[in-house]
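Notes to accompany the following structure.
Read-outs throughout are calculated quantities, based only on the coordinates presented, and are distinct from any laboratory measurement. All of these numbers come straight from a predicted model, not from anything done at the bench. Cβ sites come from the backbone with ideal geometry, for glycine too, and all protein chains shown count toward neighbours.
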Amino acid sequence: MYVILKIIVSAVVIGIVTEVSRRLPSYGGIIAALPLVSLLSIIWLYVQGEETTTLSKFALGVLWGFPATAVMLIIVYIALQNAVHLFISIGLGVSGWLVFLFIQDLVLKHLLQ
């Protein structure tokens with residue numbers, strides 16, 4: 001039952017964001033930048049009875065991925081501004097995201113030794 005409810009609510013949120021983006025791209029981007037998926041995930045975990053330590057670890061994981069996500073979005077933006085096809089832009093962005101996460105992990109492991 002929760003799975004269907006989660007899918008429906010999540011789909012409605014995505015639908016609203018895309019409709020706002022279609023009419024007002026700048027505002028749609030701002031709304032999309034909200035951590036909607038993260039917040040929905042925390043809410044669903046909480047509703048399903050997860051402990052606050054699990055929620056806290058999840059939030060930390062989201063923070064850990066934030067810099068790489070920013071890099072990905074910058075790459076996609078630059079690629080699209082230079083007339084690179086959407087799916088190639090996304091591929092470049094995801095590749096940059098993976099590389100950034102790898103480098104971030106190496107740097108932090110080196111600093112924490």
Query raised in the report: Span-like helices, the chain: DSSP H, alpha-carbon axial extent 20 Å or more, mean Kyte-Doolittle 1.6 or greater, which ones?
Result: 86-111
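Once you keep just the Cα pairs under 8 angstrom separated by 6 or more residues, what percentage relative contact order results for the stretch 65-113? Walk me through the intermediate numbers first.
Details: 31 pairs, mean separation 21.3, N = 49.
It comes to 43 percent, rounded to a whole number.
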Requested in this report: Specify the inter-centroid distance of the stretch 1-16 and the stretch 46-70, based on alpha-carbon positions, in whole Å.
Outcome: 19 Å
Query raised in the report: If you average the sequence gap of Cα pairs under 8 Å that are 6 or more apart and divide by the length of the chain, what percent do you get for the contact order?
Result: 16 percent
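Mind sorting 69, 53 by how few other Cβ atoms lie within 10 Å of their own Cβ, fewest first?
Details: 69 15, 53 8.
Result, fewest neighbours first: 53, 69.
If each residue's Cβ is checked for other Cβ atoms within 10 Å, how do 2, 27 rank with the fewest at the top? Walk me through the numbers before you get to the answer.
Details: 2 9, 27 12.
The fewest-first ordering by Cβ neighbours comes to 2, 27.
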